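Structure first, commentary second.
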Amino acid sequence: MHPDVQRLLAVQVDDIELYALEDKLASLSPRIAALEKERGKVAGQLDRARTSILSEESRHREAQLRVDANKALVTRAQRQYESVTSPKEANAAIVQLEQSKRMVDESERDSQQIQGRINELRHHVAELESALTEVENRQATTRSELDTERKSIEGEIAKAQAKREEKAKAVPRPMLTKYDRVRLRKRTESVFPLRGASCSACDTAIPTQRRASMAATGALEMCEGCGVLLYAGE
Ligand SMILES: [Zn+2]
């Protein structure tokens, strides 16, 4: 085997180790996303409940303004009644007074209903707040374990990367470039020996002339059957 090929195979060993580490790191993402989703569900409900309180509080303020306005109408109708000068005027004033009292009652009922909803919502918010705290506390250990795991894998990747780069320096640039193009697409073993007259990955036969030139120069040739890079073995 040509020494350049030998050096390239050493780089490939490191690359395969790196793929495994990268896959391990990527496998943490769905676990973190699952935690996020669980927490986000409760946090979203809490946000919506808090927003509902704000809008009900604004409706309650408006309802109170209507109560005050209706009470002012009662006061005015009362004064009207006290200053009547004829039975006819007295009847009209009583009708007016009773009508405005009914309006006060109605607007007060309205306001109380809104206040009732606000109380329910506040209760709901308190429940959701403790549910959120519960989720966060329960997740804390898992999250910190995942974080530790992530940092440790990232450290291993950095180390493996440095080792790989060091070995890659010994491989001629054109060979490395050819290899990188294939491996980045495959993300798995991508350099194979010839087995007899064929590709050892897929058994496609390689023409005699190409095999002879591979053996003479140590050059890598791409298999037309499966796209891996082939070298003359032994
Ligand atoms: Zn092949």
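Observations, loosely collected:
- Pick from the range 135-145, criterion within 21 Å of ASP47 (Cα to Cα) and in contact (Cβ under 8 Å) with a residue 60 or more places away in the chain, ranking: most open to solvent (accessible area, probe 1.4 Å): GLU136
- When LYS178, LYS169, LYS163 are checked against the criterion of being without any contact (Cβ under 8 Å) to a residue 12 or more places away in the chain, away from the ligand (no atom under 13 Å from the Cβ) and open to solvent by 60 Å² or more (accessible area, probe 1.4 Å), LYS169 stands alone in meeting it.
- Any hit, the range 191-202, residues being outside any loop (DSSP other than H, G, I, E, B), buried (at least 16 other Cβ atoms within 10 Å of the Cβ), among the small types (Gly, Ala, Ser) and within 16 Å of the ligand (Cβ to nearest atom): yes
- Selection status of THR188, of a type outside the set (Lys, Arg), open to solvent by 40 Å² or more (accessible area, probe 1.4 Å) and either in contact with an Asp or Glu (Cβ under 8 Å, 6 or more places away or on another chain) or away from the ligand (no atom under 16 Å from the Cβ) (or both): no
- Only residues that are part of a helix (DSSP H, G or I) and in contact with a strand residue (DSSP E or B) (Cβ under 6 Å, 6 or more places away or on another chain) were counted across the range 203-234, and they come to 2.
- Tally of residues being open to solvent by 70 Å² or more (accessible area, probe 1.4 Å), farther than 20 Å from MET175 by Cβ and within 13 Å of the ligand (Cβ to nearest atom) across the range 203-230: 2
- In the range 108-134, the residues that are under 15 Å from LEU54 (Cβ atoms) form Cβ pairs under 8 Å with partners that are open to solvent by 90 Å² or more (accessible area, probe 1.4 Å), at six or more places apart or across chains, as follows: ILE114/ARG59; VAL125/ARG50.
- Count of the range 123-134 residues which are acidic (Asp, Glu) and open to solvent by less than 80 Å² (accessible area, probe 1.4 Å): 1
- Which listed residue, of ALA90, ALA72, is free of Cβ contacts under 8 Å to residues at least 12 places away in the same chain, among the hydrophobic types (A, V, I, L, M, F, W, C) and open to solvent by 40 Å² or more (accessible area, probe 1.4 Å): ALA72
- Among residues of the range 93-122 being among the small types (Gly, Ala, Ser) and surrounded by 13 or more Cβ atoms within 10 Å (Cβ to Cβ), the one that is farthest from the chain's Cα centre (by Cα) is ALA93.
- Taking every residue in the range 56-68 that is modelled with pLDDT of 95 or more and pairing it with any residue that is open to solvent by 40 Å² or more (accessible area, probe 1.4 Å), at least 6 positions away or on another chain, the pairs with Cβ-Cβ distances below 8 Å are GLU56/ARG117; HIS60/GLN115; ALA63/ASP110; ARG66/ASP110; VAL67/GLU108.
- Sub-6 Å Cβ pairs linking a first residue in the range 205-234 that is closer than 20 Å to VAL182 by Cβ to a second residue that is open to solvent by 30 Å² or more (accessible area, probe 1.4 Å) and among the acidic types (Asp, Glu), at least 6 apart or interchain, are ARG210/GLU221; MET214/GLU221; GLY218/ASP4; LEU230/GLU221, ordered by first then second residue.
The values are calculated or read from the model by the stated rules, or taken from the named source; none is laboratory data. As the structure is a prediction and not an experimental result, all values here were calculated from the model. Please note: Cβ atoms are built from the backbone with ideal geometry, for glycine as well, and neighbour counts cover all protein chains shown. The protein model used for the area step is the full one, side chains on, heavy atoms only, and it has no ligands, DNA or RNA in it. Shrake-Rupley method; radii C 1.70, N 1.55, O 1.52, S 1.80 Å.
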